[in-house]
Amino acid sequence: MDFNFTPEQEAFRKEVKEFLAKEIPPEFEAGVGGHVESEADWKFARSITKKLSQMGWLNIAWPEEYGGKDAHMFSVIINEEFNYRGAPGLDFGGIGMLAPALMAHGNEEQKKEHLGRIARGEVIWCQGWSEPGAGSDLPGMTTKAVEDGDSYVINGQKVWTSLAHHADWCFLLAKTDPNIEPKHKGITFFLVDFKTPGITINPLITMANEHCFSEVFYDNVRVPKKNIVGKINGGFKVAMTAAGFERSGIYRIARALGNVDKLIEFAKQPLPGGHIIGKDPYVRQRLANLYIEGRIARILAYRVAWLQTLGQQPEWEASIARVHGSEFQQHVGEIGAEIMGLYGTLFKESKWGNEKYSIARESLLGIGATIAAGTSEVQRNAIAMRGFGMPKSY
């Protein structure tokens, strides 16, 4: 692996930075993955998505046959710079997860119907996988799909569905054969139009008082058989393709690295009374450790993208990046709150909050970083079994 970016890639990074400086107001800051709360910010985020599409940046990592440039490292640069800056507009559900799964497992009709609309930023996709009793243990899901003529009728509940309240479509996993063993072989991958009757969306508010997630109920939702990706009872394989592209996680690493840089600057500034916490050896050691941990996390994410440039679909390698990156994100929130003291508990909007160096949001959301998209424990098991060839545990 070459750890250096090519001159062409470095020139592109400069171009991305110039775009961000021009298009994103200095005071604007989105959350991890570009999350925004208000309707006005959402409209602004969608306008950025359309601009990225027009420039060919949104799907730049796609193969040329599907309208991309097969430029995985360019995609990494976009994701890294956008999230370091806290900019909105990137599409993870459709571009980063569903599209690779459709390219690998979808039929020509599905590709023709959906890939172009995703690349143009016209459709919002959400992910319907986790359930109240089946998050990391996806094969334990209870949402069922029963065959009825030329359709399947779906009943069940999904939770932690990101962007469900904005979504047009959902890529959903459901049990089509609850009796087959092992359990993951009875799962099918569906494309569900959210205009279909029987879908109810309720908000789930995070500890940071944000509506990132929703719970979604499916009551007799009829999905045509043509909307099955891959084989019936073969959806778990499709899902693993999609998940591999999510788990490299350069977006969370870049955002956390940006917060480390802010913490370093905070440690240099005199507090009221003139005290500079950066003089404390303990603070210096903690910040140095975060800086080192973040650089390692970034290289692991780069490796996933590099493997993709070789035509591979990283699975356990993506899990390595996922574990290290999410735990780094969590450490930044924990150590940042510790270093900032009482300032670390305040949001920017607070009367006494620090507008430039607030870490409260990140420390709260970081708690769930090692749970979302597969817990660290599950990821380590995947590394052991798929990477090392070890047998299943008891």
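With respect to GLU27, is the statement that it is touching a residue at least 12 places away in the same chain (Cβ under 8 Å) and assigned to a loop (DSSP other than H, G, I, E, B) true? It is false that GLU27 is touching a residue at least 12 places away in the same chain (Cβ under 8 Å) and assigned to a loop (DSSP other than H, G, I, E, B). For the range 318-339, filtering for residues that are crowded, with 24+ Cβ neighbours inside 10 Å, among the aliphatic types (A, V, I, L, M) and more than 20 Å from MET385 (Cα to Cα) leaves 1.
Would you point out the residue of the range 36-53, among those that are among the acidic types (Asp, Glu) and part of a helix (DSSP H, G or I), that is surrounded by the most Cβ atoms within 10 Å (Cβ to Cβ)?
Within the range 36-53, the first condition is being among the acidic types (Asp, Glu), and the residues that meet it are 37, 39, 41.
From what's left, part of a helix (DSSP H, G or I): 39, 41.
Details: GLU39: 9, ASP41: 14.
Ranking the qualifying residues of the range 36-53, first place goes to ASP41.
For beta carbons closer than 6 Å, sequence separation of 6+ or different chains, a first residue in the range 57-78 that is in contact (Cβ under 8 Å) with a residue 40 or more places away in the chain and a second that is part of a helix (DSSP H, G or I) and small (Gly, Ala, Ser), the qualifying pairs are ASN59/ALA119; ALA61/SER75; GLY67/ALA119; HIS72/ALA305; MET73/ALA305; VAL76/ALA305. Within the range 338-366, being touching a residue at least 60 places away in the same chain (Cβ under 8 Å) and among the polar types (S, T, N, Q) holds for one residue alone: ASN354. Is it the case that some residue within the range 305-313 is farther than 30 Å from LEU204 by Cβ, outside any helix (DSSP H, G or I), open to solvent by 10 Å² or more (accessible area, probe 1.4 Å) and in contact (Cβ under 8 Å) with a residue 12 or more places away in the chain? Yes: the range 305-313 contains one or more residues that are farther than 30 Å from LEU204 by Cβ, outside any helix (DSSP H, G or I), open to solvent by 10 Å² or more (accessible area, probe 1.4 Å) and in contact (Cβ under 8 Å) with a residue 12 or more places away in the chain. Residues in the range 208-220 that are modelled with pLDDT of 95 or more and surrounded by 13 or more Cβ atoms within 10 Å (Cβ to Cβ): SER214, GLU215, VAL216, PHE217, TYR218, ASP219.
Here the range 340-356 is the region considered, the condition is being farther than 24 Å from GLN285 by Cβ and surrounded by 13 or more Cβ atoms within 10 Å (Cβ to Cβ), and the residue that is modelled with the lowest pLDDT is GLY353. Has the range 144-153 got at least one residue that is in contact with a Lys or Arg (Cβ under 9 Å, 6 or more places away or on another chain), modelled with pLDDT of 95 or more and under 27 Å from LYS51 (Cα atoms)? Taking every residue of the range 144-153 in turn, none turns out to be in contact with a Lys or Arg (Cβ under 9 Å, 6 or more places away or on another chain), modelled with pLDDT of 95 or more and under 27 Å from LYS51 (Cα atoms). Cβ-Cβ contacts under 8 Å between residues 6 or more apart (or on different chains), taken from a first residue in the range 367-378 that is farther than 17 Å from TRP129 by Cα to a second residue that is surrounded by fewer than 18 Cβ atoms within 10 Å (Cβ to Cβ) and aliphatic (A, V, I, L, M), are listed as ILE367/MET207.
Take the conditions open to solvent by less than 20 Å² (accessible area, probe 1.4 Å), part of a helix (DSSP H, G or I) and over 30 Å from ILE77 (Cβ atoms) and apply them to VAL283. Does it pass? Here the answer is yes, as VAL283 does meet what is asked.
Between ILE264, ILE205, ILE201, the distinction of being open to solvent by 20 Å² or more (accessible area, probe 1.4 Å), more than 16 Å from ALA373 (Cβ to Cβ), without any contact (Cβ under 8 Å) to a residue 12 or more places away in the chain and among the β-branched types (Val, Ile, Thr) belongs to ILE205 only. Just one of the numbered conditions (1) in contact with a Phe, Trp or Tyr (Cβ under 8 Å, 6 or more places away or on another chain); (2) modelled with pLDDT under 90 is not true of VAL223: (2). Could you please let me know if GLU181 is in a loop (DSSP other than H, G, I, E, B), at pLDDT below 90, open to solvent by 10 Å² or more (accessible area, probe 1.4 Å) and touching a Leu at 6+ places or on another chain (Cβ under 9 Å)? Against the criterion (in a loop (DSSP other than H, G, I, E, B), at pLDDT below 90, open to solvent by 10 Å² or more (accessible area, probe 1.4 Å) and touching a Leu at 6+ places or on another chain (Cβ under 9 Å)), GLU181 does not qualify.
The values are calculated or read from the model by the stated rules, or taken from the named source; none is laboratory data. Note that this is a predicted model, so its numbers are computed, not measured. Cβ: placed from backbone, ideal geometry, glycine included. Neighbour counts: every protein chain shown. For accessibility, only protein heavy atoms count, side chains too; no ligands or nucleic acids. Shrake-Rupley method; radii C 1.70, N 1.55, O 1.52, S 1.80 Å.
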